[in-house]
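**Q** Mind having a look at this structure? Questions to follow.
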Amino acid sequence: MTDTVTALFDQVVPAQAPFSTLVRAGQTIRIEDLEGCQAVDTLFYRADDLTERYSAQDTLREQGAAYVTTGTRVMSSEGRVMLTVTADSCGRHDTSAGACSCESNTVRFGHATKYLHACRENFAIEVAKYGLSKRDIVPNINFFMNVPIEQDGGLAIVDGVSSPGDYVELRAEMDVICVISNCPQINNPCNGFNPTPIRVTVREG
């Protein structure tokens, strides 16, 4: 995909903000990390049946790998392909560590962080626009988030590997609603302790 192709949709999502958009089958969505080291928590729902949504388990099982990157088929809870990753300048993306929440912040970082904004709250705000609730928030993809698997099988959240301008592109294989939390986390290095804006574009073909 080149920038000479006219975008159907082009928006900068502010730091820490929620966002969503419709992506039609055959269209490509591009998520760009404008300043680098910014985690982008992302969910997908089938546009005409919101009960069918992204499945981390099926996606991992389908590709037989721990990370999302070029060629990954993003699978739904019904075992169907929702999107295909067609380009990835970063190299890999997490789909195991989930989204931060007020509750997890409290457990990990202390009671003083309880009222800090978090991705789960961003998701709740955004999915409510489609008649959904917190019950409909499933384990998500963390684009640009660096979560290595340690020798003992544990997960670590460490400094990001994305540089300014890194991007991932996905072609929709069905009409989907893309829901994003531009991660507001400031207590671990997933955002370099400094959340920044991202850019989302949707193009044909």
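The values are calculated or read from the model by the stated rules, or taken from the named source; none is laboratory data. Predicted model only: the values in this text are computed from it and were never measured. Please note: Cβ atoms are built from the backbone with ideal geometry, for glycine as well, and neighbour counts cover all protein chains shown. Accessible surface is based on the protein model in full, side chains and every heavy atom, while ligands, DNA and RNA are left aside. Shrake-Rupley method; radii C 1.70, N 1.55, O 1.52, S 1.80 Å.
**Q** If you roll a 1.4 Å probe over the heavy atoms of the protein chains, what accessible area per residue do you get for the stretch 32-77, in Å²?
**A** 38
**Q** Could you tell me the relative contact order of the stretch 122-205? Use alpha-carbon pairs under 8 Å, at least six residues apart, and round to a whole percent.
**A** 24
**Q** Continuing with the same structure: Modelled label-to-label distance, Leu155 and Leu34, 7 Å Cα→beta-carbon offset: nm?
**A** The answer from the label model is 2.8 nm.
**Q** Another one. Could you give the length gained by full extension between Arg24 and Glu62, i.e. 0.36 nm per residue of separation minus their alpha carbon distance, to one decimal place?
**A** So the extension gain works out to 11.4 nm.
**Q** Just order 190-197, 176-183, 9-16 by mean Cβ neighbour count inside 10 Å, highest at the front, would you?
**A** 176-183, 190-197, 9-16
**Q** Taking GluC sites (Glu not before Pro) as candidate sites, keep only those in a DSSP loop with at most 14 other Cβ atoms within 10 Å, then name the longest stretch of the chain containing none of them.
**A** Excluding the exposed sites themselves, the longest stretch runs over 1-77.
**Q** Cα gyration tensor of the stretch 1-82, axes a ≥ b ≥ c as square roots of the eigenvalues: rounded (a/c below 1.5), prolate (a/b > b/c) or oblate?
**A** Judged from the Cα gyration tensor, the stretch 1-82 comes out prolate (a/c at least 1.5, a/b above b/c).
**Q** Ignoring everything except DSSP H segments at least 4 long, calculate the 222 nm mean residue ellipticity for the chain; use -39,500 (n - 2.57) per segment, divide by total residues, nearest 500.
**A** -3500 deg cm²/dmol
**Q** Using the basic label-point model (7 angstrom from Cα toward the beta carbon), what is the Asn194 to Asp10 distance in nanometres?
**A** In this crude label model, Asn194 to Asp10 measures out at 2.7 nm.
**Q** Could you give log10 I(q)/I(0) at q = 0.15, 0.23, 0.26 Å⁻¹ for the stretch 117-205, computed by the Debye formula over C-alpha point scatterers of equal weight, without solvent?
**A** The calculated log intensity ratios at q = 0.15, 0.23, 0.26 Å⁻¹ are -0.74, -1.33, -1.39.
**Q** Could you order Tyr54, Tyr67 by accessible surface area, starting with the largest, using a probe radius of 1.4 Å?
**A** Tyr67, Tyr54
**Q** Something else now. Could you compute the longest span of the chain free of trypsin sites (Lys or Arg not before Pro) located in DSSP loops and having at most 15 other Cβ atoms within 10 Å, not counting the site residues?
**A** Longest gap between qualifying sites, sites excluded: 115-205.
**Q** Moving on to the next point. Fully extended, how many nm does the chain gain between Thr51 and Lys129 (0.36 nm per residue separation, minus their Cα-Cα distance)?
**A** 26.6 nm
**Q** According to the square roots a ≥ b ≥ c of the eigenvalues of the Cα gyration tensor, what is the shape class of the chain, taking rounded for a/c under 1.5, prolate for a/b larger than b/c otherwise, and oblate for the remainder?
**A** Verdict is rounded for the chain.
**Q** At 0.36 nm per residue, and after removing the present C-alpha to C-alpha distance, how many nm does the segment from Ser163 to Thr69 gain when stretched out fully?
**A** The span from Ser163 to Thr69 would gain 32.3 nm if fully extended.
**Q** Would you work out what percent of the accessible area of the chain, with all protein chains in place, is carbon or sulfur (probe 1.4 Å)?
**A** Result for the chain: 50 percent of the exposed heavy-atom area is carbon or sulfur.
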